[in-house]
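One structure is given below, encoded as structure tokens.
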Amino acid sequence: MNNIKFSIITATLNSEKYIEHTILSVARQTYKNIEHIIIDGGSTDSTIDIIRNYNSCVTYWVSEPDNGIAEAMNKGILKATGDYILFINSDDYLFEEDTLNKISLLVNDQLDLYIFKVLFIYPDKTRIVKLNKGLGFFTNFKMGSCHQGHVISRELFQKHGLFDDTFKVALDYDFLLRIYRKDIKSKSIGLVVSCMRIIGVSSRNDWPSLKKRFLEERRVHDKYCKNILWEMLYSFYWYFYIIYRKTKFLICEYF
């Protein structure tokens with residue numbers, strides 16, 4: 001299956017602590033029909049120097065100001081030439097050196113989207129494998145997987161558009177709900193393909209950050225709410241979900 005080409009897209013901004021690990025996790029893959037695209041948002045630390053040190057391993061990179069991670073990922077998509085795209089950002093890395101080889105053997109039915117598992121790595125070194133729910137009715141309400149575990153056909157972006165860069169946190173959920181409503185073909189597979197350090201904006205668990213995420217998720221729902229039935233469902237959902245999450249947050253804070 002070496003005829004399948006993978007495009008690895010990495011969005012970075014002041015990522016000197018982890019970017020080398022990310023680059024090496026791609027460069028050391030046993031599967032070679034890949035390209036690595038790095039889109040930097042104008043780093044002011046040593047990120048660019050590190051990227052330059054690995055010029056021979058990186059297919060394309062650029063450093064310029066952008067409007068956030070969605071715009072950076074979109075720039076990467078537009079530069080990509082692979083059959084399938086993986087987003088392995090600067091806090092993330094591929095799980096094993098033969099990860100892409102394993103993926104290549106599992107995408108031979110050439111669906112639009114494959115959803116794999118992701119290993120969460122917390123600041124205290126705790127490791128938890130994230131569940132990877134496939135697209136289904138649940139997608140209407142929440143995102144059941146992480147984009148670090150998504151293997152997406154480039155053709156899917158050509159057909160249904162790029163990430164909506166008005167979202168800073170819920171850009172991946174917006175894209176998933178959009179394609180779910182289009183009835184695209186997908187499959188969930190129980191293989192860990194990447195590791196995600198729980199340090200990014202979407203991983204913050206303080207109430208202001210959670211509230212920001214919920215507001216964006218609600219805006220996603222409003223965007224795709226097409227009739228009065230869905231308006232009612234989403235109104236009930238958000239009323240009870242906010243009570244549940246606020247209660248959960250207070251309990252965790254207290255104990």
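Observations on the model:
- V193 vs. criteria hydrophobic (A, V, I, L, M, F, W, C), surrounded by fewer than 19 Cβ atoms within 10 Å (Cβ to Cβ) and part of a strand (DSSP E or B): no
- Qualifying residue in the stretch 56-63 (condition: part of a loop (DSSP other than H, G, I, E, B), touching a strand residue (DSSP E or B) at 6+ places or on another chain (Cβ under 8 Å) and loosely packed, with under 15 Cβ neighbours inside 10 Å): yes
- Taken over the stretch 144-178, the criterion of being in a helix (DSSP H, G or I) and touching a strand residue (DSSP E or B) at 6+ places or on another chain (Cβ under 7 Å) is satisfied by H147, Q148, G149, R154, L156.
- Matching residues, the stretch 30-55, being under 20 Å from the mean Cα position of the chain (by Cα), crowded, with 19+ Cβ neighbours inside 10 Å and of a type outside the set (A, V, I, L, M, F, W, C): H36, D40, G41
- Qualifying positions in the stretch 68-91 - more than 14 Å from R154 (Cβ to Cβ), of a type outside the set (V, I, T) and buried (at least 24 other Cβ atoms within 10 Å of the Cβ): A72, N89, S90
- Scanning the stretch 20-41 for residues that are touching a strand residue (DSSP E or B) at 6+ places or on another chain (Cβ under 6 Å) and over 20 Å from L171 (Cβ atoms) yields a count of 6.
- Any pair with Cβ under 7 angstrom, 6 or more apart, that starts in the stretch 219-242 at a residue that is hydrophobic (A, V, I, L, M, F, W, C) and modelled with pLDDT of 95 or more and ends at one that is surrounded by 14 or more Cβ atoms within 10 Å (Cβ to Cβ) and outside any helix (DSSP H, G or I): V220/A170
- Some residue of the stretch 10-23 being without any contact (Cβ under 8 Å) to a residue 24 or more places away in the chain and out of contact with any Lys or Arg (no Cβ under 8 Å at 6 or more places or on another chain): yes
- All of (1) on the phi > 0 side of the Ramachandran plot; (2) touching a residue at least 12 places away in the same chain (Cβ under 8 Å) hold for D183 with one exception: (2).
- Selected residue (criterion: surrounded by the fewest Cβ atoms within 10 Å (Cβ to Cβ)) from residues of the stretch 3-27 that are farther than 17 Å from D91 by Cα and not small (G, A, S): N3
- When residues of the stretch 92-110 are limited to those that are of a type in the set (D, E, K, R) and assigned to a loop (DSSP other than H, G, I, E, B), the one surrounded by the fewest Cβ atoms within 10 Å (Cβ to Cβ): D109
The values are calculated or read from the model by the stated rules, or taken from the named source; none is laboratory data. What you see is a predicted model, and the numbers here were worked out from it, not measured in a lab. Because the Cβ atoms are built from the backbone with ideal geometry, glycine has one as well, and the counts that use them run over all protein chains shown.
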